[in-house]
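Structure first, commentary second.
The values are calculated or read from the model by the stated rules, or taken from the named source; none is laboratory data. Just so you know, these numbers come straight off a predicted model, no measurement behind them. Using ideal geometry, Cβ is built from the backbone for each residue, glycine included, and neighbour counts are taken over all protein chains shown. For the accessible areas, the whole protein counts, side chains as well, though only heavy atoms, and no ligand, DNA or RNA atoms are used. Shrake-Rupley method; radii C 1.70, N 1.55, O 1.52, S 1.80 Å.
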Amino acid sequence: MAESKKLIQIDVSSDTVCPWCFVGKKNLDKAIDASKDQYNFEIRWHPFFLDASAPKEGVNKKEFFRQKFGSRCEGMFTRMSEIFRDIGLEYDTTGLTGNTLDSHRLIHYTGKQAPDKQHELVEELCLGYFTQGKFIGDREFLVETAKMLGIEGAEGFFSDSNNGVTEVKEELEKYSRNISGVPHYTINGKVKLSGAQPPETFQSAFEAASA
């Protein structure tokens, strides 16, 4: 009976330019898919900034990472390409990167406005950034993605550059203050996991968290 399913609440701290966060999401989705006969799931996404000082205007992705990681950069791209191929995606190193505040504002807005679409929004934003060379700071891309998913009012929300900023800072403080890296998962408020865990690890965590 559906009524007897236990509820699994998952709080995820992540950044929209963190490839491991997207890989982790894909693995989490597999675990959820394999466990949906047992549990109902509620997933909430919270902000984290890998680089809060990243420029608001887009900068060339390859250039940005070259300056940040130097000669390690190419090896990192190769490794990520392999990891993405394992989850059936092509890792795209073209396009721009930059500050992720606006994407977190939109994720927060969606969590309030259309909570059932927040998880899907994160998926589409990551697909755009990691596989289609979209710029995560491009308001047009953000608004179009929201529209595509039927999330209303994103354009109006962005028309005031202060909307959601305080809320993102509060969420950062509440959920991400004591963590040093992402992705980070808190399951039913008690089981914590870090990193892009394999689906089986998530499934064990669901079991432990619902005991």
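Here are some notes:
- Only helical runs count toward this figure. For the chain, summing -39,500 (n - 2.57) over DSSP H runs of n ≥ 4 and dividing by all residues gives -15500 deg cm²/dmol at 222 nm.
- For the chain, built as a Gaussian network whose Cα springs stay under 10 Å, the top-fluctuating residue of F48, F69, F141: F69
- Cut-off 14 Å between beta-carbons: net charge of the residues surrounding K190, Lys and Arg +1, Asp and Glu -1: 0
- The stretch 118-155 and the stretch 1-38 have their alpha-carbon centroids 20 Å apart.
- Of the trypsin sites (Lys or Arg not before Pro) found in the stretch 87-195, those in coil by DSSP whose Cβ has at most 11 other Cβ atoms within 10 Å are R177, K190.
- Our coupling estimate for the stretch 106-113, obtained by passing each phi through the Karplus curve with A = 6.51, B = -1.76, C = 1.60 and θ = phi - 60°, is 5, 4, 5, 4, 5, x, 8, 7 Hz, Gly and Pro reported as x.
- For A114, the shell of other residues with beta-carbons less than 15 Å away shows a net charge of -2, using +1 for Lys and Arg and -1 for Asp and Glu.
- Every pair of different Cα atoms in the chain enters the Kirkwood calculation, which places the hydrodynamic radius at 17.8 Å.
- Spread over its residues, the convex hull of the C-alpha atoms of the stretch 37-99 is 135 Å³ per residue.
- Surface exposure of the stretch 60-211, expressed per residue as accessible area with a 1.4 Å probe, stands at 52 Å².
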